Amino acid sequence: MNSNYIAVYLHIPFCVKRCLYCDYVSTTDFSLKEEYFNALYKEIALKGEKLKDRKVRTVYFGGGTPSFVEEEFILQTFRTLQGHMDLSNLEEFTIEVNPESVDEKKVQLYKEIGINRISIGFQSTSDKILKTVGRAHDFNKGLKSYELLASFYDNINVDFILGLPYENFETVNSNLEFIEKMKPSHISYYLLDSSHNTPLKHFLEIKEMKLPEDDLVDELLDYIYDQLEKLEYNRYEISSWSLPNKECIHNQFYWYNLDYVGFGVSAGGHINNERYVNTSDVKAYITKLNDDELPYDTKNVNDEFTELLETLFMSLRLTRGITYDSLVKRFSKSLVDSVLNQTKNNLDGYISIDDSIKLTTKGLNFSRYVFEKLLEISSI
């Protein structure tokens, strides 16, 4: 990717309710909405002016649930961004929506301001699973919302989560039947991580809920991989499948450890070797920006070793990995060779190191182990 390109992420934290499994920063306090967006506009102005020489290639509205807020807030956020950053080369413009909060008026506005990619949070087609984990929609509503989106867009991502309570072959087959019938251009199929501090974790601990057995989840994963391949989806990242030429460009800025700027509560950014994360407290975010202070929680400058390790760590999520030549162009050859030699010794059989550095099939199946071992690598 052109080094002058940059990606933009905007976090809209508002949700009508919190799902039991969710550990993202969100709030159901809509009384903060106007104050929050005013703070967001200010952050865009403060950071955006310093990045006017960078050409924005992708914009991504995430959350939370951006479709829960009135479309006027999305429009004003876009206009503010337009006024402070160079959007002349914008190629991909995504917004996340939930089935119960999307309607034709909103979708029409999204289309008018140039949004060309939609990500809809299904999570499951099983009404029993959806109700159990606190989703605000049922499958019928999800289907109608998808059909509405498909009447405006041909680039739609659908999110699913594997491993929620009551998951089995029947529920997974239902998800796959939906995919086969609707043929969305992109699928994100995440494996539930129950280790985060969420209401679901609490219910599991007090034994009011139960997750499917690990062996069953492993079988279901293999089945999903096989079926999506038969449906001609290409698995290009650990949790991402796409039809030809429909890979998510925005996420590749993260996976290749390229430059991106994050606006909003809890949003992170990576500019040159500097990495930051904004505060996760919505009220603190508003207060800091009201005082003309950037709302950082953490901010640091990476040394070359940390940058290389982060680049390797993230790019291994991609099934094609990253080329040796591209690493040597960004980092010193001696450092790259040292890190790759340690990687080969620590993860033989899990990582293929040739012209391209990528996970083997075994590495993809045990990616968490791989990433844990990568953190043990030391600098020269």
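The values are calculated or read from the model by the stated rules, or taken from the named source; none is laboratory data. Remember, it's a predicted structure, so these values are computed and weren't measured experimentally. Note: ideal-geometry Cβ built from the backbone for every residue, glycine included; neighbour counts use all protein chains shown. When the accessible area is computed, the model is the full protein with side chains, heavy atoms only, and any ligands, DNA or RNA have been set aside. Shrake-Rupley method; radii C 1.70, N 1.55, O 1.52, S 1.80 Å.
Odds and ends about this structure:
- Considering each residue of segment 212-220 in turn, at least one proves to be touching a strand residue (DSSP E or B) at 6+ places or on another chain (Cβ under 7 Å) and surrounded by 14 or more Cβ atoms within 10 Å (Cβ to Cβ).
- The lone exception for Glu307 - which of (1) among the acidic types (Asp, Glu); (2) modelled with pLDDT under 95; (3) within 30 Å of Asn234 (Cα to Cα) it fails: (2)
- Listed by first and then second residue, the pairs with beta-carbon distance under 7 Å, at least 6 apart or on different chains, first residue in segment 33-52 and open to solvent by less than 10 Å² (accessible area, probe 1.4 Å), second among the aromatic types (Phe, Trp, Tyr) and assigned to a helix (DSSP H, G or I), are Phe37/Phe73; Ala39/Tyr285.
- Among the residues making up segment 343-369, those that are out of contact with any Lys or Arg (no Cβ under 9 Å at 6 or more places or on another chain), outside any strand (DSSP E or B) and not basic (Lys, Arg) are Asn345, Asp354, Asp355, Thr360, Thr361, Gly363, Asn365, Phe366, Tyr369.
- Among residues of segment 330-342 that are in a loop (DSSP other than H, G, I, E, B), those with a Cβ under 9 angstrom from a residue that is surrounded by fewer than 18 Cβ atoms within 10 Å (Cβ to Cβ) and of a type outside the set (D, E, K, R), sequence gap 6+ or separate chain, pair up as Phe331/Phe305.
- Any hit, segment 26-37, residues being farther than 26 Å from Tyr153 by Cβ, part of a strand (DSSP E or B) and not aromatic (Phe, Trp, Tyr): yes
- Extreme residue, nearest to Arg330 (Cα to Cα), among residues of segment 256-277 that are crowded, with 21+ Cβ neighbours inside 10 Å and among the hydrophobic types (A, V, I, L, M, F, W, C): Val261
- Selected residue (criterion: surrounded by the fewest Cβ atoms within 10 Å (Cβ to Cβ)) from residues of segment 235-255 that are small (Gly, Ala, Ser) and outside any loop (DSSP other than H, G, I, E, B): Ser242
- Index of the failed condition, Ile44 passing every other in (1) β-branched (Val, Ile, Thr); (2) closer than 17 Å to Pro295 by Cα; (3) more than 22 Å from the chain's Cα centre (by Cα): (3)
- Per the conditions (1) open to solvent by 20 Å² or more (accessible area, probe 1.4 Å); (2) in a helix (DSSP H, G or I); (3) over 20 Å from Met182 (Cβ atoms), the sole criterion not satisfied by Glu100 is (3).
- Enumerated helices (runs of 4 or more DSSP H) restricted to segment 108-190, each holding at least 3 residues that are under 18 Å from Leu228 (Cβ atoms) and touching a residue at least 40 places away in the same chain (Cβ under 8 Å): 169-182
- Ile6, sole failed condition from (1) out of contact with any Lys or Arg (no Cβ under 6 Å at 6 or more places or on another chain); (2) crowded, with 22+ Cβ neighbours inside 10 Å; (3) not hydroxyl-bearing (Ser, Thr, Tyr): (1)
- Any pair with Cβ under 6 angstrom, 6 or more apart, that starts in segment 53-77 at a residue that is closer than 11 Å to Leu10 by Cβ and touching a residue at least 40 places away in the same chain (Cβ under 8 Å) and ends at one that is open to solvent by 10 Å² or more (accessible area, probe 1.4 Å) and not in a strand (DSSP E or B): Gly64/Cys15; Gly64/Ser26
- Listed conditions (1) in contact with a strand residue (DSSP E or B) (Cβ under 6 Å, 6 or more places away or on another chain); (2) open to solvent by 40 Å² or more (accessible area, probe 1.4 Å) are all met by Ser356, apart from (2).
- Single residue of segment 278-310 satisfying the filter (part of a helix (DSSP H, G or I) and among the charged types (D, E, K, R)) that is most open to solvent (accessible area, probe 1.4 Å): Lys283
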